[in-house]
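Derivation of every value follows stated rules applied to the coordinates shown; laboratory data play no part. The structure displayed is predicted, hence computed values, not measured ones.
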């Protein structure tokens with residue numbers, strides 16, 4: 001029932017995303033001008049990187065429509081429901097957790113960047129200045145919340161006691177300094193810096209809020225060599241993983257020109273992985 005309601009909501013929200021005949025653009029469908037329309041779900045309102053990809057794809061008669069969502073759980077639900085054709089906002093671990101929890105039939109068709117998580121503050125300049133009982137804000141989704149707890153542990157603030165070394169929860173920690181750890185939607189965390197002494201923020205969300213991770217983070221997550229569950233990906237419904245148009249969009253993304261846009265837009269805080 002919940003999935004049906006979500007589908008109805010997305011249908012209303014995206015009613016304008018239609019082909020010239022008034023019906024939703026389908027995977028690989030072309031309009032009368034021979035242009036293929038592809039809707040890509042994001043969690044940022046103005047992506048310079050994806051606008052660059054959109055411009056390049058248009059040269060090959062691929063019309064990319066960028067659909068911004070304001071909450072992490074929504075794009076995969078929209079993708080699974082057929083309201084968009086692709087999404088690009090998440091890493092492997094987040095996607096795999098969503099698939100396990102919701103049964104989505106979604107597959108990765110390309111890798112994009114590694115975006116390190118960071119600890120930020122407008123109240124302190126060094127982690128040692130944090131006081132017992134201070135508020136620490138972390139993302140409310142399972143994977144990025146767990147990732148934040150592991151970063152807090154590496155900073156010596158808490159101890160994580162669990163065999164799950166990727167997605168621990170608040171119930172799994174020892175908090176001897178009685179920090180008030182608050183969970184918020186990732187996109188709302190930058191605003192919390194006005195009140196909270198410390199917050200864990202994803203690099204993409206930070207950059208969207210005008211924060212430069214390599215410059216502004218008190219502590220920045222280190223990139224791990226080799227296979228990394230925090231590498232960001234481009235995903236489609238599994239039935240569409242061999243769609244030539246979608247594969248071509250990945251190729252357009254994975255170019256040296258796109259690398260330059262990423263470096264300029266993120267101040268080298270997002271690391272291309274191709």
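A few points about this structure:
- A straight line joining the Cα centroids of region 71-115 and region 138-207 runs 22 Å.
- Using only Cα coordinates, the Kirkwood hydrodynamic radius of region 164-244 works out to 16.0 Å.
- In degrees, nearest ten, helix 256-266 long axis to first principal axis of the chain (Cα): 40
- Relative to the dominant Cα principal axis of the chain, helix 2-13 is inclined by about 60°.
- The convex hull built on the alpha-carbon positions of region 118-220 has an orientation-averaged projected area of 5.7 nm².
- Calculated P(r) of region 29-177 - Cα pairs past 26 Å, %: 41
- DSSP bridge orientation in the chain - percent antiparallel, rounded to nearest 5: 55
- Over all distinct Cα-Cα pairs of the chain, the Kirkwood formula returns a hydrodynamic radius of 19.6 Å.
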